[in-house]
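First up is the structure itself, then whatever we jot down about it.
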Amino acid sequence: MATIRHHPEALGVGFLLSAVGGYLDAYTYVGYGGVFANAQTGNVVLLAIGLIRGEFAEALRHVPPLLSFLVGLGVAESLARPWARRALRRPARVVLGAEALVLAVVAALALPGTVVTVAVAFVAALQVSTFKKVGDVPYNATVTTGNLRSLVAEFASWVADRAPEARRRFGVLAGIVGSFAGGAALGAALTLTTDRLAGFVPAVAALVALTAIAVETRRRERASETDG
């Protein structure tokens, strides 16, 4: 599978992106009629329940973000191809820049709910396809199910095998899960109090992550030049 970003994230960037993932799900769920931005499992389940109950209009509200998420995954796969890397040079930065722009527009304009959920699902798909590792620890930047599974596995290895590396990885994953939960709580609170304007928060967070990645990339390039 092609990958947009080849370097792992710093711990702070991983925590920040996980918080954004939780925030966006709460933002769309609370502010836009119980539709998830990232958690497409939830959308599929709610779609199926609505169809079984005969609540077709309610069920079909979950289809546009689901399809948009799939399109976003396809775009991410394209961005990972060599021709895209040659054209864009820094596709991971393009992803974060696009995410910040889309979220700022969603926050600034009174758009229909379907447009908002479609837009947010698209950038969420780009994020989850781009950022996959904090140091040597694989993680998911937009949903937490897999992170919880890995968290328990590392805890079991730490306790049963006395593995120090498992303890460290457990700590990283605990931070990832906690960041996701904290982001969801903040997203819910701000959406309830500020409505669509809450979308500016993850937009700024995406820009912060972009800046941190740019600084780290430059540092790594300078170190490589010095070594050479």
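Bear in mind these aren't lab numbers, they're just calculated from the coordinates by the rules spelled out. Only a predicted model underlies this, so the values are computations on that prediction, with no experimental measurement involved. Don't worry about glycine lacking a Cβ; one is built from the backbone with ideal geometry, like all the others, and counts go over all protein chains shown.
Brief remarks follow.
- For the chain, the relative contact order works out to 35 percent when only alpha carbon pairs closer than 8 Å and six or more residues apart are counted.
- Binning the alpha carbon pair distances of the chain at 10 angstrom intervals from zero yields the distribution 8, 31, 34, 20, 6, 1, 0, expressed in whole percent.
- Largest mean-square fluctuation among GLY187, GLY72, GLY33, in a Gaussian network model of the chain whose springs join Cα atoms under 10 Å apart, belongs to GLY33.
- Taking the convex hull of the alpha carbon positions in region 1-81 and averaging its projected area over all directions gives 6.3 nm².
- Among ALA92, ALA110, ALA184, residue whose mean-square fluctuation peaks in a GNM of the chain (springs only between Cα atoms under 10 Å): ALA110
- The value obtained for region 116-228, namely the Cα convex hull volume divided by the number of residues, is 123 Å³ per residue.
- For the chain, a Gaussian network of Cα nodes joined below 10 Å ranks VAL159, VAL128, VAL105 by mean-square fluctuation, and the top entry is VAL159.
- Between GLU9 and LYS133, VAL134, GLY135, the built amide H atoms are under 5 Å apart, and every one of these is 5 or more places off in sequence or on another chain.
- Hydrodynamic radius (Kirkwood) for region 1-48, which is based on Cα pairs only, to one decimal in Å: 12.5
- Förster radius 35 Å - calculated FRET efficiency between ALA181 and GLU55, Cβ distance, rounded to 0.05: 0.75
- Taken about its Cα centre, region 143-228 carries a charge dipole of about 100 debye when Lys and Arg each add +1 at the Cβ and Asp and Glu each add -1 at the Cβ.
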